[in-house]
Amino acid sequence: MRAIGIILAGGNNKKMKELSAKRAVAAMPMAGSYRAIDFALSNMTNSHVRKVGVLTQYNAQSLNEHLSSSKWWDFGRKQGGLYLFTPTLKTDMTIGYRGTADALYQNLDFLKKSHEPYVIVASGDSIYKLDYNKVLEYHIDKKAEITVVTTKLPEGDDPLRYGLVKTDEEGRITEFQEKPLVAESDMISTGIYVIRRRLLIELVEACIQDGRYDLVSDIIVRYRGLKRVYAYELTTYWRNIATAESYYNTNMDFLKKDVRDYFYREYPEVYSKVDDLPPAKYNPGAKVSNSLIASGSIINGEIENSILFKKTYVGDNCVIKNSIILNDVYIGDGAYIENCIVESRGTIKEGARLIGNPDDINIVVEKNERYIM
Amino acid sequence: MKKEMIAMLLAGGQGSRLGVLTKKVAKPAVSFAGKYRIIDFPLSNCINSGVDTVGVLTQYQPLRLNTHIGIGIPWDLDRNVGGVTVLPPYEKSSNSEWYTGTANAIYQNIEYMEMYNPDYVLILSGDHIYKMDYELMLDFHKANNADVTIAAMPVPIEEASRFGILIADEESRISEFEEKPANPRSNLASMGIYIFSWPVLKAALLELSDEPNCDFGKHIIPYCFEQNQRLFAYEFSGYWKDVGTLGSYWEANMELIDIIPIFNLYEEFWRIYTKNDKLPPQYIAKGAKVERCILGEGAEVYGQVFNSVVGPGVIIGEGTVIRDSIIMKDVVIGNNCEINKAIIAENASVGDNVIIGIGEYAESKLNPKVYAFDLATIGENSVIPAGVKIGKNTAISGTTLLEDYPNGVLESGDYIIKAGDF
């Protein structure tokens, strides 16, 4: 393979609200039985990238657990593998990465010791399928020094949380504004980059010497005039889930047949850690409509336009509408849940009423004692 | 190399009483409870009991079994020392033969067992549904200073003549063993699970090596009695089901649907493992209805399903109503079908407006001993054309066309078996 992969999975975002208390965005459960990072990891393995480093920082425990074995994505071979880079205590007794470029700098050996000529950098919080080889070919064709994968802003999403890009006719990036105050383009950066490995090492070293630490603003944006930076446009489904609203909407997209077929049934597959759960069970009284139900769940009540992640228990006479119930939630009899995201491992008491607003989804974190047989 | 106890799992049988379900796969590889295969139960029992060395003896149609087991990753049986090993019959410099009986199969793999220098050998069969801690059985074997321990469970006396029956004293020592007796004198049935002290088993296998079709129940156990060895009955009181017939197979699946099933797959303790090749959640469409069912990963339901077991990746079309049926992995069912009491095996496809399970009872013309229980049984990769009607006690295998159905109907008791599925 001509490239190694780096997945930036350290990020957290205040806009995830209570959901970020527990884990990095890349570890968020997605689409019923996946986690966000599965999409980037599966793209890597499906593009035959054999060596992938995952840079973690913020609350990495969920992520570490998820990545405890690399076999699910078919890494862990004699050549290549999945490498986890969690910040460690350094000689000056500081800990943590000061930014994405610093994260790369502190693990520069990984880049230096590889022999593949290119690096694919991807973020762990986006939902998409992409054969990175196509980007790489484009990169080589254009004789680009950096290629940024761009896409049209998804409908209803906020442009100001992205890097906005303008290109010339050739596809060369002329303007690149990171999280601007005013949106002047609807072409956004997806946070996926292709760059020659030696150039990346050079740029990262220079960047750190200057006391700058961010890969995007201090390297890609800063060098856009100096280096040949090109845009590769992704035209298929792409969503970033780093705000509570987009997280909710992206999950709900999977209730649409075309999105479901694209990710669940079309080649190539998205892989995830296997949990060995029994099939979902529907008891008398179950009434399910336009919903996704993951394995290990037991359903007694009524569910509409919702996504139930793994091992959800829904009691008798419950009503769940337009909601997302994350992994291993127990919902007591007679509970009513509408427009909510229920955080994983929660226990909802009998008869509870949890109601959000279609424009302001209620994030429910319930830590009640659970008594089950 | 030393392992205290290794397991030998007999998985070579065809299971001919499962009819078209085992036309292309050995019985242990037949799917069960939506996402599992029958062999997952003994394999999971092994790893959960701390038995990490398992020889799986295969013979009849082993392809599905081989791909399912692989190197044992799903059961954590990919080990540096031990783990799972698939043992097919092999050619020898003289006297090459197939496995001619259960004990003969074990005899032909003496070298495999010797490799691990075991104190005890656990003999299992690949066609039972149960959860059992073999370690407790081994403790029992040791405590009684036994040579052979046979797991046994009480069965209704009227059914006892279908089993090997043990007659044991108060200390559980077995005084007599009768294979399928006409007039059973006890209701303690052998479950086909044995622990042998290895020197005893080895001696018996070598002594009986010339016995034609050498079998545990018919030859090895009687031989052990002759040698005055200490045989004990280990009484098991949990759920155990032989799914050897279409009726018992269907029934065992249906029992899983109960609100709190006797055989509970949802317990954290004693998990059953399988090769998961599907991950996505299942989708239940608007207007669909699913009640008293279990559904596998990635299934999509647009119609109505009641009292059924549905495997991974199945698609059930709009307006279709399914009751009391088993639909296995990746089956596609069209729109506006009506399906009652059917077993539809993997990858089959059913066209629109098909009605299955109609008409009055009629005895099967193909094999009344196999196709009974009013079930319509459809083999894997079969194709059912749109608009046909299919009766009870029927069997279908292969790609069928409209002209195979006289007036569009397959009457109860009838069958269509097409040769050559390629």
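The values are calculated or read from the model by the stated rules, or taken from the named source; none is laboratory data. This is a predicted model, so every value here is computed, not measured. Cβ sites come from the backbone with ideal geometry, for glycine too, and all protein chains shown count toward neighbours. Heads up: the accessible areas ignore ligands, DNA and RNA and are worked out on the full protein's heavy atoms, side chains in. Shrake-Rupley method; radii C 1.70, N 1.55, O 1.52, S 1.80 Å.
Ignoring ligands, DNA and RNA and using a 1.4 Å probe, state the total buried accessible area between A and B in Å², rounded to the nearest 100.
When A and B are taken together, about 3200 Å² of accessible area is lost.
To the nearest 10 square angstrom, what accessible area does A:Glu145 show with a 1.4 Å probe?
60
Which of the chymotrypsin sites (Phe, Trp or Tyr not before Pro) found in the stretch B:1-106 are loop residues per DSSP with 13 or fewer other Cβ atoms within 10 Å of their Cβ?
Passing both the DSSP loop test and the Cβ count: B:Tyr90, B:Trp98.
For chain A, what is the Kirkwood estimate of the hydrodynamic radius, computed as the reciprocal of the mean inverse distance between distinct Cα atoms, to one decimal in Å?
Kirkwood radius, chain A: 21.6 Å.
What percent does the relative contact order of chain A come to when contacts are Cα pairs within less than 8 Å and at least six residues apart?
Reported relative contact order: 15 percent.
Please list, by residue number, every one of the GluC sites (Glu not before Pro) in the stretch A:290-373 that is coil in DSSP and has at most 10 other beta-carbon atoms within 10 Å.
Counting only loop positions with at most 10 other Cβ atoms within 10 Å, the GluC sites (Glu not before Pro) in the stretch A:290-373 are A:Glu369.
Per 10 Å bin from zero, what fraction in whole % of the C-alpha pairs of chain B is there, up to the bin with the longest pair?
Here the calculated profile for chain B is 5, 21, 29, 24, 15, 6, 1.
What accessible area per residue comes out for the stretch A:3-264, rounded to a whole number of Å², with a 1.4 Å probe?
Accessible area per residue, the stretch A:3-264: 43 Å².
Per 10 Å bin, what is the whole-percent P(r) computed from every C-alpha pair distance within the stretch A:89-205?
Result, from short to long distances: 11, 37, 36, 14, 2 percent.
Pop out a list of residues from the stretch B:261-288 that are at least 40 Å² less accessible with all the protein chains around than in their chain alone; 1.4 Å probe, no ligands or nucleic acids counted.
B:Tyr266, B:Arg271, B:Asn276, B:Leu279, B:Pro280, B:Pro281, B:Gln282, B:Tyr283, B:Ile284
As I understand it, the dipole of the stretch A:3-264 uses +1 on the Cβ of Lys and Arg and -1 on the Cβ of Asp and Glu, about the Cα centre. Which of A:Thr236, A:Ile173, A:Gly156 lies farthest toward its positive end?
Going by the Cα projections, it comes out as A:Thr236.
Along the principal axes of its C-alpha atoms, what lengths does the stretch A:281-364 span, in descending order and rounded to whole Å?
Principal axes ranked by extent give 32, 24, 22 Å for the Cα atoms.
Over chain B, what is the mean sequence separation of C-alpha contacts under 8 Å (at least six apart), divided by residue count, expressed as relative contact order in percent?
13
Give the residue list of trypsin sites (Lys or Arg not before Pro) in the stretch A:116-179 that are DSSP loop and have at most 13 other beta-carbon atoms within 10 angstrom.
Passing both the DSSP loop test and the Cβ count: A:Lys143.
Could you give the nm distance between label points at A:Lys257 and B:Glu4, where each point is 7 Å from its Cα heading toward the beta carbon?
Here the modelled spin labels are 5.8 nm apart.
Helix A:132-141 against the longest principal axis of chain A: what's the angle in degrees, Cα atoms only, rounded to the nearest 10?
Tilt relative to chain A: about 20 degrees.
Rounded to a whole number, what % of the accessible area of the stretch B:273-365 do carbon and sulfur atoms account for, probe 1.4 Å?
Answer for the stretch B:273-365 is 43 percent, counting heavy atoms of protein chains only.
Checking the table A:Lys71/B:Lys329; B:Lys278/B:Lys418; A:Lys51/A:Lys112; A:Lys143/A:Lys227; A:Lys17/A:Lys349 against a 18 Å threshold on Cα-Cα, which pairs fail?
Among A:Lys71/B:Lys329; B:Lys278/B:Lys418; A:Lys51/A:Lys112; A:Lys143/A:Lys227; A:Lys17/A:Lys349, the Cα-Cα distance tops 18 Å for A:Lys71/B:Lys329; B:Lys278/B:Lys418; A:Lys17/A:Lys349.
Which value, in debye to the nearest 20, gives the size of the charge dipole of the stretch B:1-143 about its Cα centre, when Lys and Arg are +1 and Asp and Glu are -1 at the Cβ?
Dipole size: approximately 640 debye.
Using only Cα atoms and rounding to the nearest 10 degrees, what angle (0 to 90) does helix A:244-253 make with the longest principal axis of chain A?
Taking the Cα atoms of chain A, the angle to A:244-253 is about 70 degrees.
Carbon and sulfur: what percent of the stretch A:3-264's accessible surface (1.4 Å probe)?
So the carbon and sulfur contribution to the accessible surface is 48 percent.
Taking every pair of Cα atoms in the protein assembly as shown, average 1/r, invert it to obtain the Kirkwood radius, and report Rg/Rh to two decimals.
Taking Rg over the Kirkwood Rh, I get 1.03.
Based on Cβ point charges of +1 for Lys and Arg and -1 for Asp and Glu, what charge dipole magnitude is obtained for the protein assembly as shown about its Cα centre, in debye rounded to the nearest 20?
2140
At 1.4 Å probe size, with every protein chain present, just tell me what the per residue accessible area of chain B comes to in Å².
Result: 40 Å² of accessible area for each residue.
Sort A:Ile195, B:Ile315 by accessible area with a 1.4 Å probe, largest first.
Accessible-area ranking of A:Ile195, B:Ile315, largest first: B:Ile315, A:Ile195.
Rounded, prolate or oblate: pick one for the stretch A:23-91, where a ≥ b ≥ c are the square roots of the eigenvalues of its C-alpha gyration tensor, a/c under 1.5 means rounded, and failing that, prolate if a/b is larger than b/c, else oblate.
Oblate, since a/c reaches 1.5 and b/c is not below a/b.
Compute the helix-to-body angle for A:197-209: its Cα long axis versus the longest principal axis of chain A, expressed 0 to 90° and rounded to tens.
Orientation of helix A:197-209: about 90 degrees from the principal axis.
Residues with amide H under 5 Å of B:Glu338's amide H, sequence separation 5 or more or different chain, H placed in the peptide plane at 1.01 Å from N; which?
B:Val321, B:Val354, B:Ile355, B:Ile356
Calculate how many DSSP beta bridges within chain A are antiparallel, expressed in % of all such bridges and rounded to the nearest 5.
Percent antiparallel among DSSP bridges in chain A is about 30.
Magnitude of the Cβ-charge dipole of the stretch A:3-264, K/R +1 and D/E -1, about the Cα centre, nearest 20 debye?
It works out to roughly 740 debye.
Run the quick spin-label model on B:Lys142 and A:Lys78: label points 7 Å from Cα toward the beta carbon, then report their separation in nm to one decimal.
For B:Lys142 paired with A:Lys78, the spin-label model returns 4.0 nm.
Computed FRET efficiency, Cβ-Cβ of A:Val182 and A:Thr88, R0 41 Å: what is it to the nearest 0.05?
After rounding, the FRET efficiency stands at 0.50.
Name the residue farthest towards the positive end of the dipole of the stretch A:281-364 from the options A:Val319, A:Ile355, A:Gly332, assuming +1 on Cβ of Lys and Arg, -1 on Cβ of Asp and Glu, about the Cα centre.
A:Gly332
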